Structure formats: structure tokens, C-alpha cells
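First comes the structure, then the notes that go with it.
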Amino acid sequence: MPVNGPSLVLLVIAWVPLALSQGQSAGIQEQLILNNLLANYDMRVRPPPTNASDPNGPVVVRVNILIRMLSKIDVVNMEYSMQITFREEWMDRRLAYAHLGYQNAPKFLTVPHVKDNLWIPDSFFPTEKAAHRHLIDTENMFLRIHADGTILYSVRLSLTLSCSMNLQLYPLDTQQCNFDLISYAHTTKDIDYEWDKRVPQPVQKKPGVGDDLPNFMLMDPININNDCTSHTNTGSYACLRMELRLKRQFSYYFLQLYFPTSMIVAVSWVSFWIDMHSTAGRVALGVTTLLTMTTMQSAINAKLPPVSYVKLVDAWLGACQMFVFGALMEYAVVSYQDSSRQAERKRIQAIRKNQKRGREIENPGYQPPCTCHLIADSEPQPLRARIRKWFTKPDYFPAKIDYYCRFWVPVGFLGFTACYWAICTYLTANATTNG
């Protein structure tokens, strides 16, 4: 039957008070339920055992976590920062209201402001250094009471956590940081923690978390199956552990560490091609490369904690510094050998000069041999001849040292590099298998 305009207005006017009264009655009903539940509730006593058939059993607390943010991984202080949504769920039959006879009772009551009036697990994080709740605009938490007495507590937390890092494979390492959850006062007889297996992933992370870190990447999956029950003098305490595996990104260290140090070592080889009598040039080049190498090593170690074991990067930097230092020492040996031979040559020339002077006195008509060919040899040589001279094995012993170093030192560095990366590949693969 069609409804005309005045009839429709009358229906709306009649429906609005009814809807308002129903909304008010729903709010009043929740208030009545809450007052009824808290009337005789004692928050100082833990809830009855979750398993009703075991009167002495513990309260089972199911936990799931959402990782919202992962940032500020500090290797020097061995810590990292994380923001999470932390959820706990347990059964407290003292707060069940399904049996109270309320009509159209809600499935659950969202009552964050009664948190201080309810029993809540005394959970704490052993690896926490600093933490805070988020209070803007209001405290970021909620608490739900379900009709069967199930309590869901959810809170947003920002934590700075310690992580015991092993830097032996730095910068090819993968760090494992443990995030533990333990009850502070209740032993395993009172509280038992378990991951919430009713959800596909008890530990979730928001899209992009772990992929935007400057030097690390959060690896999947996040392991949650390890047992970490704490046994102390006061009893055994249930514990849950979440393992975060952080793999260091290698591209940064290749561009900022390995490539520059390799170039410094290669620059030190230029000394082998400079004339042995160019003392200022060769010494300046050797000292400059050695100081640059030392400065880079100090800058890299300043970003790391002082540890007692040898790291992979220490082996690389030490070898590079030895190659640079060896190039400087090579010139010291060449210069010493050349000076010794020059002194011997001058002594022989002096003896010959005295003998020649004696012959001139004895034979006034003596004519010295022609040296015109020396003038012809002193003319500038073409580039091809000079290049051929560089690759021609000399007869002079100090020059032989430079000649051999031009080829064997680069070959030695390439051999060390091949062995270094082969060992690194083996160690990292072995660490990944054992981890």
C-alpha cells in the first residue's frame, strides 16, 4: 500500500523516540552488566584455572603481537627499537555475564577505563631497556569482556630492547635478537603463556616493516617455537620468545669499505713504477696511502663496539694495511740496495780515475775512448720503447725488486681477495645452516 507524505512523517516521528530509547536502554544495560560484574570482584586474586577440570591448574594466557615499526638498530650499544601492538587473552569466569539473564546482551563490552579494577597478567619483557605507552590523544589501549568471561587486552607499546650481537662475521653477519615475555610474580603453577594458535600468524608485521631499515633487513619467517622458561631461586616462570633475524645489507659496505680500501691498495702499487731515485714522490705516495688506510680503519672501528675477537672486516683491513705498508717498506729496501751499490760504484770509479790519472802522467799521448754513443743514447725515446723498457727485466738488482713487485704484489693481493671471499662464503653459509 503506498504511503503518502503526511503518513511517512508520522512514522518517522514515532520511530525516532523508539530508537533513542533502545540506544539508551542498551547503554544502561551495559552499565548494569558492568556494575553487576564488579560488585563482588576482587582484582587481587587471580582468575580460576582456565581448565575447569583441574582445580589447581594455571590461567592460560594467549598472546599475539603486531609489529608496527622496527627502527634504530644500534650496533655500538647492541640495542634496537620496536613499536608493537601487544595483545593478551585469558579466561576469567568471574566476569562472565551470559548466564545473568540479560535480554539481547552484547557479545562483548569494550571498557578500557576499568583496566585498573581488573586482574591483568603481570607480564614484562626481560630484554627491555626503555619503554613507554602511547597516550595521545588518549591511552592507546582497549579491554574487552566477552559474555563467556574471556578478556582481551590490547595495548600499543614502544620499546628499546637489548640484543646480544655476535660480530665475528661483520659485515656479512645475520643477527638474532630475542624478544621474551615472562610473568614477573606468577610461576608456571599460576600462569602459563602460549601463542594464540587460533590466528594464522601469532606474530604479524605491518607491510613494509623491516624492509626500510638502512643497514638491515628483517628476515622471514619470525620463529616463535623456542622454549625459554625461566628457572630461578623463586620458581619457574613461563616464557614466550620471538626471534627476530636481522640480515645486514652488504651493498653499503661494498661501496663504503671494500671498494675504497681496494683502490687505496692499488694506488700504493704506483710506487713500483716510479723511478727509484724519485725519493720525494715515492715516500710521499707511500706515507699518504698508509695514513689514509689507518684513518679509514679508525673510522670503521668507531662504528663498532670494542670486542675481544677478530672480525672479518679486521682481517680485510689488516691485510690491506699490510699491503700498503709493504709497498712503503719495499722502497726502503730498494733505496738501501741502490745506495749501497752507488757507494761501491763511486769507490770503484775513484780507483779507476786514479789509475787513469797515473797512465796520463806516464803516457802524455794517451787518448780516452770515444763517448759519442752515450750522447746518442740520451736522446728522447719513443713511447713504445719506454713501455717496452718498463716490462723488460733489468740487470740492476734494486731495479729487479721493483720489476718483480709490479707483477707479483697485485697477483698476491688478488689471491688474498679470492681466499678471503671464499672463506666468507663458507662461514656465512655455515652460520645460516646452524642458525
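When you look at Val63, is it exposed (fewer than 15 other Cβ atoms within 10 Å of the Cβ) and in contact (Cβ under 8 Å) with a residue 60 or more places away in the chain, yes or no? No; evaluated as a whole, the condition is false for this residue. Kindly indicate whether Val45 is closer than 30 Å to Met165 by Cβ and either not aromatic (Phe, Trp, Tyr) or not in a loop (DSSP other than H, G, I, E, B) (or both). Taking the combined requirement at face value, the residue does not satisfy it.
The test for being modelled with pLDDT of 90 or more and touching a strand residue (DSSP E or B) at 6+ places or on another chain (Cβ under 7 Å) holds for Met78.
Hey, does the range 300-310 have a residue that's part of a helix (DSSP H, G or I) and at negative phi? Break it down into steps so the answer makes sense when it comes.
Our first condition is that a residue be part of a helix (DSSP H, G or I); within the range 300-310, this holds for 300-301.
Within this subset, residues satisfying the condition of being at negative phi are 300-301.
Taking every residue of the range 300-310 in turn, at least one turns out to be part of a helix (DSSP H, G or I) and at negative phi.
Just name the residue that is nearest to the chain's Cα centre (by Cα) out of those in the range 228-263 that are open to solvent by 20 Å² or more (accessible area, probe 1.4 Å) and closer than 17 Å to Thr417 by Cβ. Among those residues, the one meeting the criterion is Phe250.
For the range 129-152, does any single residue satisfy the condition of being within 30 Å of Pro48 (Cα to Cα), surrounded by 13 or more Cβ atoms within 10 Å (Cβ to Cβ) and within 27 Å of the chain's Cα centre (by Cα)?
Within the range 129-152, the first condition is being within 30 Å of Pro48 (Cα to Cα), and the residues that meet it are 133, 139-152.
Now restrict to residues that are surrounded by 13 or more Cβ atoms within 10 Å (Cβ to Cβ): 139-152.
Still in the running and within 27 Å of the chain's Cα centre (by Cα): none.
No, every residue in the range 129-152 fails to be within 30 Å of Pro48 (Cα to Cα), surrounded by 13 or more Cβ atoms within 10 Å (Cβ to Cβ) and within 27 Å of the chain's Cα centre (by Cα).
How many residues, within the range 305-328, are open to solvent by 80 Å² or more (accessible area, probe 1.4 Å) and of a type outside the set (S, T, N, Q)? Give the derivation first.
Filtering the range 305-328 down to residues open to solvent by 80 Å² or more (accessible area, probe 1.4 Å) leaves 306, 308, 310, 322, 325.
Next cut, of a type outside the set (S, T, N, Q) only: 306, 310, 322, 325.
Of the residues in that region, 4 qualify.
Looking only at the range 140-158, which residues are touching a strand residue (DSSP E or B) at 6+ places or on another chain (Cβ under 6 Å), touching a residue at least 24 places away in the same chain (Cβ under 8 Å) and of a type outside the set (Val, Ile, Thr)?
Initially, the range 140-158 is screened for residues touching a strand residue (DSSP E or B) at 6+ places or on another chain (Cβ under 6 Å), giving 140-146, 149-158.
Narrowing further to those that are touching a residue at least 24 places away in the same chain (Cβ under 8 Å): 141-146, 149-158.
Result: Met141, Phe142, Leu143, Arg144, His146, Gly149, Leu152, Tyr153, Ser154, Arg156, Leu157, Ser158.
Just give me the residues in the range 183-227 being among the β-branched types (Val, Ile, Thr) and open to solvent by 20 Å² or more (accessible area, probe 1.4 Å), in sequence order.
Step one: list which residues in the range 183-227 are among the β-branched types (Val, Ile, Thr), which gives 187-188, 191, 199, 203, 209, 222, 224.
Those that are among the β-branched types (Val, Ile, Thr) and open to solvent by 20 Å² or more (accessible area, probe 1.4 Å): Thr187, Thr188, Val199, Ile222, Ile224.
Residue selection: Thr85 satisfies the criterion of being surrounded by 16 or more Cβ atoms within 10 Å (Cβ to Cβ) and in contact with a strand residue (DSSP E or B) (Cβ under 7 Å, 6 or more places away or on another chain). Out of all the residues in the range 320-331, is one or more modelled with pLDDT of 90 or more, under 55 Å from the mean Cα position of the chain (by Cα) and not in a helix (DSSP H, G or I)? Scanning the range 320-331, I find no residue that is modelled with pLDDT of 90 or more, under 55 Å from the mean Cα position of the chain (by Cα) and not in a helix (DSSP H, G or I), so the answer is no. The set of residues from the range 393-435 being among the basic types (Lys, Arg) and in a loop (DSSP other than H, G, I, E, B) comprises just one member, Lys393. Based on what the data block shows, is Pro106 at negative phi, at pLDDT below 90 and under 45 Å from the mean Cα position of the chain (by Cα)? Judged against the criteria, Pro106 is not a match. Selection of the range 267-304 for residues being open to solvent by 40 Å² or more (accessible area, probe 1.4 Å), among the charged types (D, E, K, R) and free of Cβ contacts under 8 Å to residues at least 60 places away in the same chain yields only Asp275. Just checking: which of the strands (runs of 3 or more DSSP E) contained wholly in the range 131-198 hold 3 or more residues that are more than 26 Å from Ala96 (Cα to Cα)? In the range 131-198, 150-162, 174-183 are the strands (runs of 3 or more DSSP E) which contain 3 or more residues that are more than 26 Å from Ala96 (Cα to Cα).
The values are calculated or read from the model by the stated rules, or taken from the named source; none is laboratory data. Not measured: the values here are computed from a predicted model. Because the Cβ atoms are built from the backbone with ideal geometry, glycine has one as well, and the counts that use them run over all protein chains shown. What goes into the accessible areas is simple: the full protein's heavy atoms, side chains included, and nothing from ligands, DNA or RNA. Shrake-Rupley method; radii C 1.70, N 1.55, O 1.52, S 1.80 Å.
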